[in-house]
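J.: Sharing a structure with you now.
Here, each number is a calculation from the coordinates, and none is a lab measurement. Since this is a predicted model, take the numbers as computed values, not measurements. Note: ideal-geometry Cβ built from the backbone for every residue, glycine included; neighbour counts use all protein chains shown.
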Amino acid sequence: MPETAEADPRFNEFVLFQAQNAGLFLGQIPHPQTGEKSVNLRAAQSVIDSLEMLSSKTRGNLTETETKLLTMALQNLRPLFQSAQAAAKH
């Protein structure tokens, strides 16, 4: 991982924004306009798939901090998605 490269704050903001969107779609965060929580598995899966693709395509090109942020976002979102998916089946 190139530690000589400067971390791009836009990357961190993008990952955090996407993770927040996934949290919204998984019913973890209330909708900012309605204040209600709802689940949209298809949208959540799309966000998670996009973050996984980003992780794959940027492997070896991120700073250690960027890699940790992206990894942690995915590690937190995957089980939330699985729980929401299981709840939807019942």
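J.: Do we find that L80 is surrounded by 14 or more Cβ atoms within 10 Å (Cβ to Cβ), in contact with a Leu (Cβ under 7 Å, 6 or more places away or on another chain) and closer than 16 Å to A19 by Cα in this structure?
T.: yes
J.: Also, quick follow-up: Kindly provide the set of residues from segment 27-44 that are within 15 Å of A86 (Cβ to Cβ) and either exposed (fewer than 13 other Cβ atoms within 10 Å of the Cβ) or within 10 Å of the chain's Cα centre (by Cα) (or both), ordered by number.
T.: A44
J.: Looking only at residues in segment 5-19 that are surrounded by 12 or more Cβ atoms within 10 Å (Cβ to Cβ) and among the aliphatic types (A, V, I, L, M), which one is farthest from E66 (Cα to Cα)?
T.: Out of the qualifying residues, it is A19.
J.: Among the residues of segment 26-59, how many are in contact with a Phe, Trp or Tyr (Cβ under 9 Å, 6 or more places away or on another chain) and either within 18 Å of L70 (Cβ to Cβ) or not charged (D, E, K, R) (or both)?
T.: Count: 13.
J.: Just to be sure I understand the filter: pairs with C-beta atoms under 7 Å, separated by 6 or more residues or on different chains, first member in segment 9-32 and without any contact (Cβ under 8 Å) to a residue 40 or more places away in the chain and within 13 Å of A73 (Cβ to Cβ), second member of a type outside the set (D, E) and buried (at least 17 other Cβ atoms within 10 Å of the Cβ). Which pairs pass?
T.: These pairs meet every condition: N21/V47.
J.: Hey, K68 hits all of (1) in contact (Cβ under 8 Å) with a residue 12 or more places away in the chain; (2) part of a helix (DSSP H, G or I) but one; which does it fall short on?
T.: Among (1) in contact (Cβ under 8 Å) with a residue 12 or more places away in the chain; (2) part of a helix (DSSP H, G or I), K68 violates only (1).
J.: Pick out the one residue from A22, A44 that is in contact with a strand residue (DSSP E or B) (Cβ under 7 Å, 6 or more places away or on another chain), part of a helix (DSSP H, G or I) and small (G, A, S).
T.: Matching residue, one of A22, A44: A44.
J.: Find the residue count for segment 25-61, including only residues that are closer than 26 Å to E6 by Cα and among the basic types (K, R).
T.: Going through segment 25-61 one residue at a time, the tally reaches 2.
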